[in-house]
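Here's the structure, in structure tokens; my notes come after.
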Amino acid sequence: MSKRVLGYMAFFVVLVSLFFVFVFAGTDNWKPKLPNLSYVRPFSFTTQLGEQFTEEDYQGKVSVVEYFFTTCPNICPNMNSNMKKVFETFADVSSFQVVGITCMPEKDSVARLKRFSDSMKLDPARWILLTGRKDSLYIAARSSYLIDDPKNVVTNFEDDFIHSQFFSLVDKNGRVRGIYDGLKSPEIEKLKKDIRKLLKEKQGGGNAPNLFGNNP
């Protein structure tokens, strides 16, 4: 092979390299993206302030979602303690929020959620507590947030009960990008790391939804 051909090949490689540097420099496009596991289906629940909260309220924000109930004596206090650590890490980031959804709506009325929120000294604009119809809340837990197995539905719906320690990470486009054990410190640290990744993503960015993967 002649020196001239080798020179052309080397020039071509340099040119292509410069092109990719130009396209991706200063962006995170070259970094691996978090997977799209699901997306938040349309819903309408009520906050601790008695206001409507829908899937549209996820737009433009990175959110961590948990299911709990206000009288839970065992895993919920530990989950909320870890969630508070996550919230405090991003307390100054207006595009971050926590969404706590009750799994016992027959007990957790708007008024009770408000009392719980006040007792925990939560910012109701950034740490939203939700209640609604039990069937809608549970469908969302399983089909949108993936924090419980959809196969766990019992014959008598009134006997159905979700008690999960998992947190669901939702991006600025309402897509679920990760599931984390809210009781394990390494998982909490990974959650913080992944929140930082999603905060850097522009709305409308990320991967296309995985319609044939974990979506029910």
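No value in this document is a laboratory result; all are computed from the given coordinates. All values reported here derive from a predicted model rather than from experimental measurement. A quick note on method: Cβ atoms are made from the backbone with ideal geometry, for glycine too, and the neighbour counts reach across all protein chains shown.
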| query | Roughly what would the spin-label model give for residue 192 and residue 106, points 7 Å off Cα along C-beta, in nm? | reply | 3.9
| If you stretched the chain out fully between residue 41 and residue 91, how much longer would it get, using 0.36 nm times the residue separation minus the C-alpha to C-alpha distance? | 15.3 nm
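Could you state, as a whole-number percent, how many of the C-alpha pairs of region 38-200 are farther apart than 29 Å? Present the calculation step by step, with values, prior to reporting the outcome.
Details: 1185 of 13203 pairs.
So the portion of pairs separated by more than 29 Å is 9 percent.
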| field | Gain in span if fully extended, residue 119 to residue 84, counting 0.36 nm per residue against the direct Cα distance | value | 11.3 nm
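Work out how much length residue 59 to residue 183 would gain on full extension: take 0.36 nm times their residue separation and subtract the Cα-Cα distance, in nm to one decimal. Write out the running numbers ahead of the final one.
Numbers: separation 124, 0.36 × 124 = 44.64 nm, distance 2.74 nm.
Between residue 59 and residue 183, full extension yields an extra 41.9 nm.
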| Which entries in the list 121/184; 33/184; 121/200; 61/107; 114/197; 121/197 go over 26 Å, if you measure between the two C-alpha atoms of each? | 121/200; 61/107; 114/197; 121/197
